[in-house]
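Following: one structure in structure tokens, then a few remarks.
The values are calculated or read from the model by the stated rules, or taken from the named source; none is laboratory data. Since the model is a prediction, treat every value here as computed from it, not as a measurement. Reconstructed Cβ throughout: ideal geometry from the backbone, glycine too, with neighbour counts over all protein chains shown. Only protein heavy atoms, including side chains, enter the accessible area calculation; ligands, DNA and RNA are left aside. Shrake-Rupley method; radii C 1.70, N 1.55, O 1.52, S 1.80 Å.
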Amino acid sequence: MSYIYYPGCSLEASAIEYDASTRAVMHALDIELAEIEGWSCCGATAAEPVSSLLSFVLPARNLALAEKMKQNFSVMVPCSACYLNLKKVEMEKKQNPSMSASIDECLAEEALKLEGKLKVRHLLDILANDIGADQIKNKVTKKLSGLKIVPYYGCQCLRPYPVFDDPEEPRSMEPLIEACGAEVFPWDMGAQCCGASNMNTKKSAAGKLVQKILKSAKGADAIVTVCPMCQLNLEGFQEELSRKAGEDLSVSVIYLPQLLGMAMGISREELMLHKNLAVKELVLSY
Amino acid sequence: MKDTGSIKALLATCMQCGTCTGTCPNADAMDLTPRHLWRMVLMDRADEIFESQTFAYCSTCYFCTLKCPRGLPLTRAMSMLKEVAYKNDVKTFRKSGAFYGSFMESVRRHGRVRESEFMTLYFLEMKNPLLPFDFASLGLKLMSKNKVSFSLPSGADGRGQGNLDRIFKKVSEIENREEQMP
Ligand code: SF4
Ligand code: SF4
């Protein structure tokens, strides 16, 4: 199996461990990734408030570059914000001819053209549905017995396009966690919002959302995420939120491919567990 | 001009049921509820809309879009309000606008965002030396993990894909053209 790969900007910097662990797990599963040549930023959450057209053109540029590599293929995207931006273009291309014409006009500046022949897929979708828990289980060399995990999906891989999971009560991570020999710890915050970029512009509102999520995770050994923005919000503010709440809200937060990689016997260094901002000894001891 | 006509057109069938407010995780922090905001949009009350901070609190979770019984594209409407506020330099949106604007400036320059550069641009834009302390704890953590380094804005480096000037220019050209259409 092989996929076109769009890492996105975060995976080069604050989420470098998400990139490393995704590549390591795919390698172990004999899946080839072809990184889009010359990819650029998808606009993240910043393009839409600045210019709606730009928020379509930036992801479209990347899909057009990807089409030059292969057509009728799936593009794997690990970051949920990037995923939604690219997905939005895939959908709009089919439904909105006038938007599509403006996009074409902008892409022509770089002699690019978008045919709309690619399918944008979230990493979680590919892990859960193309690869599947059984294949993961076959590769497990070190069962994570007793480790209690809460799966956190966040928003943008589920909504507004519920293509691979229930948009309110998602379950797609559970079989993957169980395949690792770990336990799914019950909670109801998996599809709630972490505040996204409000953490930068409206910090107290976002802080409240994160606090609620961390409180519900009490009793679990780790939160597992599938988005760099969720990851950073959940791992980066634990001390100050604990101080505000008057209770210890600290908990390990790791990316899904890091968890899978641990069970598959991939080394901590390769999974870059030292790069996470919140990982406790207990998790590292596995 | 703060024109919200195209947003109003999207919301024409709103029946003011309040489901959007009920699903919004940020409703408590908003001065107007989402339902109330949509009512102001339907009544062309630009002053009230842009004095309010409601749209600036939207964290694009898409719950309201999922749940609206009329199937209205509400998250998109929130973003469209942010865009109008950004383009008109609306006072209540200045901090958020500076954040998004600095981010996109870094993308225009390098093709990819350089997290350290855009944060610096943001602080300069806000002309508020205290603002960095909002981020100090996170910034230090990221630096200690070697994930970002804080630096002054600079020209192109070897890592980016070159700048996206031509595409950015074309986007504003098309937007200006559309604005001038009757
Ligand atoms: S949920 Fe939809 S129909 Fe109901 S008030 Fe909100 S926008 Fe209007
Ligand atoms: S998309 Fe925005 S307005 Fe809608 S529920 Fe989420 S935060 Fe509230």
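The mean accessible area for residues of segment B:30-109, using a 1.4 Å probe and ignoring ligands and nucleic acids, is 38 Å² per residue. Counting only protein heavy atoms and a 1.4 Å probe, segment A:2-122 has 31 square angstrom of accessible area per residue.
With Cα atoms defining each centre, segment A:97-124 and segment A:15-87 are spaced 13 Å apart in the structure.
When each of the peptides B:83-92, A:232-241 is scored by how many other beta carbons lie within 10 Å of its residues on average, the order from highest to lowest is A:232-241, B:83-92. Pull out a ≥ b ≥ c, the square roots of the eigenvalues of the alpha-carbon gyration tensor of segment A:130-179, then state rounded if a/c is under 1.5, prolate if not and a/b is larger than b/c, and oblate in the remaining case. Since a/c reaches 1.5 but b/c is at least a/b, the shape of segment A:130-179 is classed as oblate. What's the FRET efficiency of A:Asp188 with A:Ser2 using the Cβ-Cβ distance as r and R₀ = 41 Å, to the nearest 0.05? Efficiency for this residue pair is about 0.65. Here the spin labels are modelled as points 7 Å beyond Cα on the Cα-Cβ line, and at A:Ser250 and A:Glu12 they lie 3.4 nm apart. With a simple spin-label model that places each label point 7 Å from the Cα along the Cα-to-Cβ direction, the separation between A:Ala108 and A:Ser267 comes to 5.3 nm. In terms of its alpha-carbon gyration tensor, segment B:5-88 comes out rounded; the largest-to-smallest axis ratio a/c stays below the 1.5 threshold.
Spin-label model, B:Asn163 to A:Arg171: label points 7 Å out along the Cα-to-beta-carbon direction sit 5.2 nm apart.
Per DSSP H run of n ≥ 4, the term is -39500 (n - 2.57); total these for chain A, divide by its residue number, and report the mean residue ellipticity at 222 nm rounded to 500 deg cm²/dmol.
-12500 deg cm²/dmol
Which of the DSSP-defined H helices in chain A satisfy a minimum axial length of 24 Å, computed from C-alpha atoms, and a minimum mean Kyte-Doolittle hydropathy of 0.5? Sorted by number, the helices that extend far enough and score high enough are A:52-69. Rounded to the nearest angstrom and listed largest first, the equivalent-ellipsoid semi-axes of the protein assembly as shown from its Cα gyration tensor are 33, 26, 23. Given a Förster radius of 41 Å and the C-beta distance between A:Lys218 and A:Glu115 as r, what FRET efficiency does 1/(1 + (r/R0)^6) yield to the nearest 0.05? With R0 = 41 Å, the Cβ-Cβ based efficiency is 0.25. On the beta carbon distance between A:Asn72 and B:Arg45, with R0 = 35 Å, the FRET formula returns roughly 0.10.
Ligands, DNA and RNA aside, B:Arg39 has an accessible area near 110 Å² when probed at 1.4 Å. Residues of segment B:19-48 buried by at least 20 Å² of accessible area upon assembly of all protein chains, compared with the chain on its own (1.4 Å probe): B:Pro25, B:Asn26.
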